[in-house]
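*Asks:* Just passing along the structure, written as structure tokens.
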Amino acid sequence: MTTPHRRTIPLRPGLDLEVREAGTGSSPVLVLHGGPGPSSIAPLIDHLASDHRVVAPTHPGWGATLRPDDLDSVPALAAAYLDLLGHLGLNDVTVIGTSFGGWVATQTVLDDREGRISQLVLMDAIGPVIPGQQITVPAGPPAPAPQGGPPAQAMTAMRAYAGPAMADTGILPRLSTVTCPVLVIWGADDAVVTPDFGRAYAAAFPHARFELIPGAGHLPIREKPETVFTHLDSFLTHRARATGH
């Protein structure tokens with residue numbers, strides 16, 4: 001079990017990012033959590049740290065972190081994470097996002113003007129408006145992160161970023177411009193965003209692979225971690241062989 005190193009990175013005046021880092025591999029991975037908070041991606045960080053340098057920020061507004069007033073949209077949050085990659089000097093980055101974090105990951109790839117990101121992994125991600133599909137937001141608030149903080153705060157932060165529709169009508173048409181390889185992993189029993197939503201999401205990318213996880217819902221990384229890791233490792237290993245890393 002890897003214990004991630006926690007530190008606070010002053011990204012710009014008024015914005016301090018709380019970041020967990022683990023591993024020392026040459027292939028950096030940026031992991032972006034969803035509504036349930038940083039604890040929900042702990043198994044992913046632990047698994048990846050054996051071969052990769054993992055960077056996992058806490059979205060400002062989750063747990064005990066503060067969200068500046070000007071950090072009020074997914075593009076603004078994505079811009080902060082591109083600044084983070086620049087601050088850390090990271091290139092050839094794999095970005096992995098779960099649920100809401102998948103939306104942020106997609107936006108980060110779309111706005112990556114410096115070509116720092118080389119591949120994208122989405123797990124039960126939200127973001128685009130898919131015709132005939134809707135997002136069913138759970139009635140209860142996300143579970144609190146281990147460091148405390150009221151769960152309602154996380155829901156408030158997510159709505160500040162995502163807006164009332166919890167989607168962006170402009171994203172789907174832009175996905176055709178994404179040139180990097182994409183892996184889309186989806187829980188077969190996801191009641192928040194259905195597998196049909198996931199298939200349509202994946203189909204909008206030019207180079208995407210869709211993998212269904214039987215017996216998993218909206219958080220397959222918690223429910224069927226070994227199955228998720230099998231698909232994820234295959235994707236990452238194939239990429240490493242192709243690039244000679």
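The values are calculated or read from the model by the stated rules, or taken from the named source; none is laboratory data. Predicted, not measured: the structure shown is a model, and the values here were computed from it. Don't worry about glycine lacking a Cβ; one is built from the backbone with ideal geometry, like all the others, and counts go over all protein chains shown. Accessible surface areas use protein heavy atoms only, side chains included; no ligands, DNA or RNA. Shrake-Rupley method; radii C 1.70, N 1.55, O 1.52, S 1.80 Å.
*Asks:* Restrict the check to the range 174-196 and report whether at least one residue is part of a helix (DSSP H, G or I), open to solvent by less than 40 Å² (accessible area, probe 1.4 Å), of a type outside the set (A, V, I, L, M, F, W, C) and free of Cβ contacts under 8 Å to residues at least 40 places away in the same chain.
*Replies:* yes
*Asks:* Between residues in the range 202-214 that are within 16 Å of P128 (Cα to Cα) and residues that are open to solvent by 70 Å² or more (accessible area, probe 1.4 Å) and part of a strand (DSSP E or B), which pairs lie under 6 Å by C-beta distance while being six or more apart or on different chains?
*Replies:* Once the first residue is within 16 Å of P128 (Cα to Cα) and sits in the range 202-214, no partner that is open to solvent by 70 Å² or more (accessible area, probe 1.4 Å) and part of a strand (DSSP E or B) comes close enough.
*Asks:* Further, regarding this structure: Is it the case that the range 1-14 has a residue that's in contact (Cβ under 8 Å) with a residue 24 or more places away in the chain, under 30 Å from D69 (Cβ atoms) and in contact with a Phe, Trp or Tyr (Cβ under 9 Å, 6 or more places away or on another chain)?
*Replies:* Looking through the range 1-14, none of the residues is in contact (Cβ under 8 Å) with a residue 24 or more places away in the chain, under 30 Å from D69 (Cβ atoms) and in contact with a Phe, Trp or Tyr (Cβ under 9 Å, 6 or more places away or on another chain).
*Asks:* Hey, can you tell me all the residues within the range 155-201 that are over 17 Å from I135 (Cβ atoms) and acidic (D, E)?
*Replies:* Once the filter is applied, which keeps residues that are over 17 Å from I135 (Cβ atoms) and acidic (D, E), the range 155-201 yields nothing.
*Asks:* To continue, here is another question. Just give me the residues in the range 43-60 being within 23 Å of T230 (Cβ to Cβ) and touching a Lys or Arg at 6+ places or on another chain (Cβ under 9 Å), in sequence order.
*Replies:* P43, I45, V54, A56
*Asks:* When E114 is evaluated against the numbered criteria (1) free of Cβ contacts under 8 Å to residues at least 40 places away in the same chain; (2) open to solvent by less than 40 Å² (accessible area, probe 1.4 Å), which criterion, by number, is the only one it fails?
*Replies:* (2)
*Asks:* Restricting to the range 211-226, count the residues that are open to solvent by 50 Å² or more (accessible area, probe 1.4 Å) and outside any loop (DSSP other than H, G, I, E, B).
*Replies:* 4
*Asks:* I would also like to ask the following. Cβ-Cβ under 6 Å, sequence separation 6+ or interchain: first residue in the range 39-65 and at positive phi and in contact (Cβ under 8 Å) with a residue 60 or more places away in the chain, partner in a loop (DSSP other than H, G, I, E, B) and crowded, with 21+ Cβ neighbours inside 10 Å. Which pairs?
*Replies:* G63/A145
*Asks:* If I go through the range 22-55 residue by residue, how many of them are within 26 Å of I126 (Cβ to Cβ) and not hydrophobic (A, V, I, L, M, F, W, C)?
*Replies:* 13
*Asks:* Of the residues P141, P164, only one is at pLDDT below 95, over 24 Å from A216 (Cβ atoms) and in a loop (DSSP other than H, G, I, E, B); which?
*Replies:* None of the other options fit; the residue is P164.
*Asks:* Go through (1) hydroxyl-bearing (S, T, Y); (2) open to solvent by 10 Å² or more (accessible area, probe 1.4 Å); (3) in contact with a Phe, Trp or Tyr (Cβ under 6 Å, 6 or more places away or on another chain) one by one and return the number of the condition T108 breaks.
*Replies:* Only one criterion is unmet by T108, namely (2).
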